[in-house]
1. Any residue at all in the stretch 136-146 that is closer than 20 Å to N53 by Cα, touching a residue at least 24 places away in the same chain (Cβ under 8 Å) and within 16 Å of the ligand (Cβ to nearest atom)?
2. Check G198, G186, G206, G214 and return the single one that is more than 18 Å from the chain's Cα centre (by Cα) and modelled with pLDDT under 95.
3. With G150, G206 as the choices, which residue is over 19 Å from L126 (Cα atoms) and more than 15 Å from the ligand (Cβ to nearest atom)?
4. Determine whether K156 is assigned to a loop (DSSP other than H, G, I, E, B) and either surrounded by fewer than 19 Cβ atoms within 10 Å (Cβ to Cβ) or touching a residue at least 12 places away in the same chain (Cβ under 8 Å) (or both).
5. Restricting to helices (runs of 4 or more DSSP H) lying wholly in the stretch 1-94: which have 2 or more residues that are in contact (Cβ under 8 Å) with a residue 24 or more places away in the chain, within 10 Å of the ligand (Cβ to nearest atom) and touching a helix residue (DSSP H, G or I) at 6+ places or on another chain (Cβ under 7 Å)?
6. Looking at the stretch 217-232, I want the residues that are part of a loop (DSSP other than H, G, I, E, B) and have a partner that is buried (at least 19 other Cβ atoms within 10 Å of the Cβ) and among the aromatic types (F, W, Y) with Cβ atoms under 8 Å, at least 6 apart or on another chain. Which pairs are those?
7. With respect to S237, is the statement that it is within 14 Å of the ligand (Cβ to nearest atom) and part of a loop (DSSP other than H, G, I, E, B) true?
8. Would you check if V113 is farther than 27 Å from V268 by Cα, within 16 Å of the ligand (Cβ to nearest atom), surrounded by fewer than 17 Cβ atoms within 10 Å (Cβ to Cβ) and of a type in the set (V, I, T)?
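The values are calculated or read from the model by the stated rules, or taken from the named source; none is laboratory data. Just so you know, these numbers come straight off a predicted model, no measurement behind them. Quick reminder, even Gly has a Cβ in these numbers, built from the backbone with ideal geometry, and neighbours come from all protein chains shown.
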Amino acid sequence: MNLPEIPLDFDRARPAGVYNYYLDGKTWTAKDRETAEAVIQNAPEAREVAKENFLFAGRAASWVVTEFGIRQVFDVGVGLTDDVPLDSVETCVLQAAPDATVLAFDNDEVVLVHARALRRGYRRVLRGDITDLDSILNHPDLTSRPDLVGRIDLTKPIVIVLAAVLHFVDDAAAVMAQLRERLAPGSVVILSHATETGTSAKRVAGMTKAYERGNSSIIFRSVEEIAALADGWDLPSPGLVDVQLWSPDGSYAKEVHDSVRVLGMAAVLRSGPVPQPGGDRAAL
Ligand SMILES: C[S@@+](CC[C@H](N)C(=O)[O-])C[C@H]1O[C@@H](n2cnc3c(N)ncnc32)[C@H](O)[C@@H]1O
């Protein structure tokens with residue numbers, strides 16, 4: 001693993017702290033709060049949508065382990081969620097499948113330091129960057145930690161959760177292409193992403209500017225761009241929809257807001273030849 005050292009920098013907001021503020025946690029700095037409040041000024045429902053995004057990730061992950069029988073789940077970009085009063089991906093998955101192995105990764109040193117300080121043993125967060133898949137799939141802990149040895153088999157399907165992560169990544173399509181190449185067929189990526197579609201340009205510009213105060217810019221992509229991330233993957237029902245509307249049987253339906261929209265999907269990696277981009281996307 002060859003990730004550069006990232007100094008602890010509390011002078012700028014970080015996505016993990018901003019989200020922790022939205023989610024009613026207590027692990028944020030004054031800078032995180034300033035950015036979050038600037039976003040909320042542009043999108044009054046930002047906190048509500050962030051909570052629905054968090055709930056989507058847990059709901060989708062527990063459905064996937066139940067439906068597909070997958071028992072290895074990597075929550076990448078886990079954030080600062082220990083004090084969040086909502087069920088996390090890990091909690092939801094272990095309720096659905098107590099024999100599952102859930103690992104958390106993040107590329108933010110503050111997230112790692114925080115998790116380490118909590119001395120959470122095997123539940124600690126591992127350093128991994130989704131733009132460098134080796135840092136995750138070849139993480140040394142997978143083969144050296146006694147409690148993990150023999151539990152992760154990358155020749156078999158895994159679940160990768162990318163909740164509200166890829167809108168902080170410049171080349172999200174390259175990440176999905178790498179995942180398509182490296183994961184075993186039948187693997188599932190649970191993904192959520194902020195979209196500009198359906199929201200006024202003024203609000204999108206305001207939120208984008210607010211995140212510029214921090215150490216990571218946010219990229220609002222169009223519905224079409226987010227749908228294209230799943231080229232070569234199957235999207236089980238309901239496909240790509242607002243996170244407030246994602247449930248396989250349509251039973252979960254909360255209010256959607258046009259001030260800020262986050263779309264979610266569970267993308268299943270097909271076996272066999274990958275179709276050409278744009279060939280058969282699920283419609284929104
Ligand atoms: C907006 S927070 C989302 C946290 C949580 N997944 C959720 O849905 O509430 C985004 C998280 O992704 C992490 N992140 C951003 N870019 C990343 C990357 N390239 N690789 C791994 N984690 C990343 C950030 O540090 C942050 O903790």
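1. Here is the first cut: in the stretch 136-146, the residues closer than 20 Å to N53 by Cα are none.
Within the stretch 136-146 (the criterion being closer than 20 Å to N53 by Cα, touching a residue at least 24 places away in the same chain (Cβ under 8 Å) and within 16 Å of the ligand (Cβ to nearest atom)), the answer is no, since none of the residues qualifies.
2. Values: G198 fails: modelled with pLDDT under 95; G186 fails: modelled with pLDDT under 95; G206 fails: modelled with pLDDT under 95.
The conditions single out G214.
3. G206
4. Working: assigned to a loop (DSSP other than H, G, I, E, B): yes; either surrounded by fewer than 19 Cβ atoms within 10 Å (Cβ to Cβ) or touching a residue at least 12 places away in the same chain (Cβ under 8 Å) (or both): yes.
Spelling it out, K156 is indeed assigned to a loop (DSSP other than H, G, I, E, B) and either surrounded by fewer than 19 Cβ atoms within 10 Å (Cβ to Cβ) or touching a residue at least 12 places away in the same chain (Cβ under 8 Å) (or both).
5. On the way: elements: 15-22, 30-42, 46-68.
Because the criterion is at least 2 residues that are in contact (Cβ under 8 Å) with a residue 24 or more places away in the chain, within 10 Å of the ligand (Cβ to nearest atom) and touching a helix residue (DSSP H, G or I) at 6+ places or on another chain (Cβ under 7 Å), the helices (runs of 4 or more DSSP H) in the stretch 1-94 that meet it are 15-22, 46-68.
6. So the pair list comes out as S217/F168; S217/Y211; I218/F168; I218/Y211; I219/F168.
7. On the way: within 14 Å of the ligand (Cβ to nearest atom): no; part of a loop (DSSP other than H, G, I, E, B): yes.
Considered against the rule, which asks whether it is within 14 Å of the ligand (Cβ to nearest atom) and part of a loop (DSSP other than H, G, I, E, B), S237 comes out as no.
8. On the way: farther than 27 Å from V268 by Cα: yes; within 16 Å of the ligand (Cβ to nearest atom): yes; surrounded by fewer than 17 Cβ atoms within 10 Å (Cβ to Cβ): yes; of a type in the set (V, I, T): yes.
Yes.
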